[in-house]
Amino acid sequence: RWPSLLKYYSHTDGVSWFEEYKARHNAGLEAQRIVASFSKRFFSEHVPCDGFSDIETLGCPSHFFEDELMCILNMEGRKGLTWKYYAKKILYFLRQQNILKNLKEYLQRPTDRQSFLEGAVLIDQYCNPLSDICLKSVQAQVDDITDKVRKVLRTKNPRHPSLASKAGEIPIPEVELQRQVLDAMNCVLYEQLKYKGNELDYYNSLNSYIHQVLIRRTGIPISLSVLYLTIARQLGVKLEPVNFPSHFLLRWCQGKEGSTDIFDYTYIDAFGKGKQLTVKECEYLIGHHVTEEFYGVVTSKEVLQRMVGNLLNLGKRESTDQSYQLLRDSLDLYLAMYPDNVQHLMLQARLYFHLGIWPEKVLDILQHIQALDPSQHGAVGYLVQHTLEHIERRKEEVGPEVKHRSDEKHKEVCFSIGLIMKHKRYGYNCVIYGWDPACMMGHEWIRNMNVHSLPHGPHQPFYNVLVEDGSCRYAAQENLEYNSEPREIPHPDIGRYFSEFTGIHYLANTELEIRYPEDLELTRATVQKIYSSGKE
């Protein structure tokens, strides 16, 4: 029943399986209790920082707790959407906390014990905590490529030292033998396996994740360089990372080991099919001259810093993800490495402020910034004032507003919660999760969205809708129509509002139904009228 738990038992002799079963059963009950409580506690707001406090003080083994969360996520069918939504959030938090702990432990090791591949895997895991990514699996795939390189090398030089059983532990001193390894690597990676730099979709975050690089056989200079360097070192060739501007490179020593002369090295472009470059060719690559310092070797921490920096820039560019999850994750990683970086602390505070989440954490970050750099008092003061106002407004909030269709002011509202709709002008598919009898947005939004150009302007019902592209929109009634071919809406917040997809419409969860108590019956009647008549 729980095969995924086998890995937690190094040996099974002497294990009391009845006690293990009881512990797993109790952990399951605890997980279900916490997941069920989240919808009621956090429906109206983002789960706060202290919302996970119950989980941090678990009275049961965390791997059993996680296993129950996975069982919830893997429930078949279209039911339990709200449970899945919060189980996913809790699992995301649990795994990220664990990965962050592993990253900090990694950074505290001596540099010679900081594997570049392990660092890349930790970044990958943190940004994709629900994916099954582990160092052992990634290393096995790299080992498989290394074995292929050895086969090619064997045909060229059957007595090559890299073919020995302990090859990789002892660096190969002769440059010509090293060259044979690199030639065999280029043959396997770029000719046989067809790895290449992703020039067509360079700014896709998947290019930065090492497990995706191995699956898709494409990446950006730094991710391909980590793979290339790891294979080379396993075969006894000590390549080193070079933090070259705009294009990450590797360097290969042709002179005395440890030389400080940049002309004693050949530079390797893993993005460009392993091409070997001179200093001058490196400058041609980026189109301008650079000083000698940019040809120097960098540490594993600096490599991770650049990888995370790339993800940070991608997170800033993402316009469709309204939760800015990639930007939040990459900021977490950056600040785990450099906790006193004022620029990134300020960016994190502004991001949480913009999203309207975790105001108490915003105040903590701002206090830390003020202590580090008193010259930031202007920006800090502004954010502190508005964050405190946000906290006060939240305290003044009363219970949920309940909207009854029987109220006279709601008589013009035609559509109901859970219906799958289509936008007449833009053609997108969406599901309704809220409505107002008239547009409730401010004058600026109404002007920017050109609402007055609509025949009924702002004086008509408006609907909150979850759109298939992952966005949330506010649409006028006259712009919406019933979808003749209703289908599931793949939106990350669908489970926040709905408990089930029936195949034709969504069923509101308990919290949403409290706010729109008369909508469910209308939705069912509407669906029966529209879709049964369509079948006839």
Positions within the range 2-25 being part of a loop (DSSP other than H, G, I, E, B) and either surrounded by 10 or more Cβ atoms within 10 Å (Cβ to Cβ) or outside the structural domain of Trp83 (by the TED database) (or both), in sequence order: Trp2, Tyr9, Val15
Extreme residue, most open to solvent (accessible area, probe 1.4 Å), among residues of the range 335-363 that are modelled with pLDDT under 95 and of a type in the set (D, E, K, R): Arg350
Considering only residues that are outside any helix (DSSP H, G or I) and surrounded by 14 or more Cβ atoms within 10 Å (Cβ to Cβ), which ones fall in the range 518-536? Glu518
Among the candidates Ile494, Ile514, single out the residue that is open to solvent by 50 Å² or more (accessible area, probe 1.4 Å), among the aliphatic types (A, V, I, L, M) and within 24 Å of Ser39 (Cα to Cα). Ile514
Failed criterion for Pro458 (all others in (1) farther than 25 Å from Ser484 by Cα; (2) exposed (fewer than 15 other Cβ atoms within 10 Å of the Cβ) hold): (2)
Taking first residues from the range 469-481 that are more than 18 Å from Pro437 (Cβ to Cβ) and second residues anywhere that are among the charged types (D, E, K, R), the pairs with Cβ under 7 Å that are 6 or more apart or on different chains are Gly470/Asp321; Glu481/Lys422; Glu481/Lys424
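State all residues of the range 187-223 that are assigned to a strand (DSSP E or B) and either crowded, with 23+ Cβ neighbours inside 10 Å or at positive phi (or both); if no residue qualifies, say none. Steps first, please.
Narrowing the range 187-223 to residues assigned to a strand (DSSP E or B): 196-197, 218-219.
Residue satisfying the conditions is Gly219 alone.
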Conditions (1) in contact with a strand residue (DSSP E or B) (Cβ under 7 Å, 6 or more places away or on another chain); (2) over 21 Å from Ser323 (Cβ atoms); (3) crowded, with 17+ Cβ neighbours inside 10 Å -> Leu466 fails only (2)
When you look at Ile262, is it closer than 28 Å to Tyr126 by Cβ and either in the same structural domain as Thr278 (by the TED database) or in contact with a strand residue (DSSP E or B) (Cβ under 8 Å, 6 or more places away or on another chain) (or both), yes or no? no
Taking Gly315 and the conditions (1) modelled with pLDDT of 95 or more; (2) touching a helix residue (DSSP H, G or I) at 6+ places or on another chain (Cβ under 8 Å), which numbered condition does it fall short on, given that it satisfies the others? (1)
Among Ile514, Ile504, the single one that is modelled with pLDDT under 95, in a loop (DSSP other than H, G, I, E, B) and either under 12 Å from Ile432 (Cα atoms) or hydrophobic (A, V, I, L, M, F, W, C) (or both) is Ile504
Scanning the range 98-111 for residues that are in a helix (DSSP H, G or I) and free of Cβ contacts under 8 Å to residues at least 40 places away in the same chain, which turns out farthest from the chain's Cα centre (by Cα)? Gln108
Matching residues, the range 224-261, being in a loop (DSSP other than H, G, I, E, B) and either under 16 Å from Tyr195 (Cα atoms) or within 29 Å of the chain's Cα centre (by Cα) (or both): Asn243, Phe244, Pro245, Ser246, His247, Phe248
Check on Glu105, out of contact with any Phe, Trp or Tyr (no Cβ under 7 Å at 6 or more places or on another chain) and modelled with pLDDT under 90: no
Of the conditions (1) in contact with a Leu (Cβ under 6 Å, 6 or more places away or on another chain); (2) on the phi > 0 side of the Ramachandran plot, Gly427 clears all except one; give me its number. (1)
Can you pull out every residue in the range 54-67 that is open to solvent by less than 20 Å² (accessible area, probe 1.4 Å) and either touching a residue at least 40 places away in the same chain (Cβ under 8 Å) or not in a helix (DSSP H, G or I) (or both)? Phe64, Asp67
Somewhere in the range 112-119, is a residue surrounded by fewer than 17 Cβ atoms within 10 Å (Cβ to Cβ), touching a residue at least 24 places away in the same chain (Cβ under 8 Å) and not hydrophobic (A, V, I, L, M, F, W, C)? no
Name the one entry in Tyr352, Tyr382 that is among the hydroxyl-bearing types (Ser, Thr, Tyr) and closer than 30 Å to Pro490 by Cα. Tyr352
Just give me the residues in the range 144-162 being exposed (fewer than 15 other Cβ atoms within 10 Å of the Cβ) and not in a loop (DSSP other than H, G, I, E, B), in sequence order. Asp144, Asp147, Lys151, Arg154, Thr155, Lys156
For Asn483, indicate whether it is open to solvent by 80 Å² or more (accessible area, probe 1.4 Å) and out of contact with any helix residue (DSSP H, G or I) (no Cβ under 8 Å at 6 or more places or on another chain). no
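Would you confirm whether or not the range 171-178 contains a residue that is out of contact with any helix residue (DSSP H, G or I) (no Cβ under 9 Å at 6 or more places or on another chain) and under 28 Å from Ser205 (Cα atoms)?
no
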Filter pass, Ile446 being assigned to a helix (DSSP H, G or I) and touching a Leu at 6+ places or on another chain (Cβ under 9 Å): no
Among the residues that make up the range 26-37, is at least one of them at pLDDT below 90 and either open to solvent by less than 50 Å² (accessible area, probe 1.4 Å) or not β-branched (Val, Ile, Thr) (or both)? yes
Can you name the condition, by its number, that Arg317 falls short on among (1) under 20 Å from Gln125 (Cα atoms); (2) under 16 Å from the mean Cα position of the chain (by Cα)? (1)
Within the range 262-298, take every residue that is assigned to a loop (DSSP other than H, G, I, E, B) and touching a residue at least 40 places away in the same chain (Cβ under 8 Å) and give me the one that is surrounded by the most Cβ atoms within 10 Å (Cβ to Cβ). Ala270
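The values are calculated or read from the model by the stated rules, or taken from the named source; none is laboratory data. Note that the structure is a prediction, hence the values are computed from the model and not measured. Counting neighbours? That spans all protein chains shown, and the Cβs are built from the backbone with ideal geometry, glycine included. Surface accessibility is based on the protein's heavy atoms, side chains included, excluding ligands, DNA and RNA. Shrake-Rupley method; radii C 1.70, N 1.55, O 1.52, S 1.80 Å.
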